[in-house]
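K.L.:
Structure below; questions to follow.
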Amino acid sequence: QVQLVESGGGLVQAGGSLRLSCAASGRTCSTYDMGWFRQAPVKEREFVASISWSGGTKYYADAVKGRFTISRDNAKNTAYLQMKSLRPEDTAIYYCAATDNGSWNYWGQGTQVTVSS
């Protein structure tokens, strides 16, 4: 139905910034809500941020509020996660997800973010 591909992960020092991208294909995601999740070693996957299909509604996990910004460009079928003031505890595999019915139906393969101190 839809395919999601994340990119932009890498290694960064604490206090640095990184921008993740999520490109959608197969079917337009212009009417889909988009979200970012992450999973660190020995931890469960957790919600990071989401954005409505119109871009008018955004949610952030408390751990990233004020540091991360989610956005989307529907013309490019792409969602973004701008991360700043990164901390070692932000180290995780970051996953992009999409929904058109209230459930997170579609997932990307993940991109690794490693923050060193």
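K.L.:
Across segment 84-117, what is the number of residues that are in contact with a Leu (Cβ under 7 Å, 6 or more places away or on another chain) and β-branched (Val, Ile, Thr)?
P.N.:
4
K.L.:
Could you check how many residues of segment 11-36 are under 16 Å from Gln109 (Cα atoms), touching a Lys or Arg at 6+ places or on another chain (Cβ under 9 Å) and open to solvent by 20 Å² or more (accessible area, probe 1.4 Å)?
P.N.:
Matching residues across segment 11-36 total 1.
K.L.:
Related question: Filter segment 20-75 down to the residues that are among the hydroxyl-bearing types (Ser, Thr, Tyr) and modelled with pLDDT under 95 and list them by number.
P.N.:
Residues satisfying the conditions are Ser25, Thr28, Ser30, Thr31, Tyr32, Ser52, Ser54.
K.L.:
I want to confirm something. Restricting to segment 1-19 and keeping residues that are at pLDDT below 95 and among the polar types (S, T, N, Q), which single residue is nearest to Phe68 (Cα to Cα)?
P.N.:
Looking at the filtered set, the residue picked out is Gln3.
K.L.:
How about segment 100-117: which of its residues are among the hydroxyl-bearing types (Ser, Thr, Tyr) and outside any strand (DSSP E or B)?
P.N.:
Ser103, Ser117
K.L.:
Step by step: first the residues of segment 44-57, then only those that are in contact (Cβ under 8 Å) with a residue 12 or more places away in the chain and under 23 Å from Gln112 (Cα atoms), then the one that is most open to solvent (accessible area, probe 1.4 Å). Which residue is that?
P.N.:
Here the answer is Arg45.
K.L.:
Can you find, within segment 58-99, the residue that is nearest to the chain's Cα centre (by Cα) among those that are outside any loop (DSSP other than H, G, I, E, B), surrounded by 15 or more Cβ atoms within 10 Å (Cβ to Cβ) and among the charged types (D, E, K, R)?
P.N.:
Arg72
K.L.:
I've got another one for you. Looking only at segment 30-57, how many residues end up being outside any strand (DSSP E or B) and either over 17 Å from Asp90 (Cβ atoms) or aliphatic (A, V, I, L, M) (or both)?
P.N.:
11
K.L.:
I'm trying to understand the selection: among the residues of segment 70-93, which are hydroxyl-bearing (Ser, Thr, Tyr) and closer than 15 Å to Gly16 by Cβ?
P.N.:
Selection gives Ser85, Thr91.
The values are calculated or read from the model by the stated rules, or taken from the named source; none is laboratory data. Worth saying up front: this structure is predicted, and the values here are computed from it rather than measured. FYI the Cβ positions are ideal-geometry reconstructions off the backbone, even for glycines, and counts take in every protein chain you see. Please note that ligands, DNA and RNA were not included when accessible areas were found on the heavy atoms of the full protein model with its side chains. Shrake-Rupley method; radii C 1.70, N 1.55, O 1.52, S 1.80 Å.
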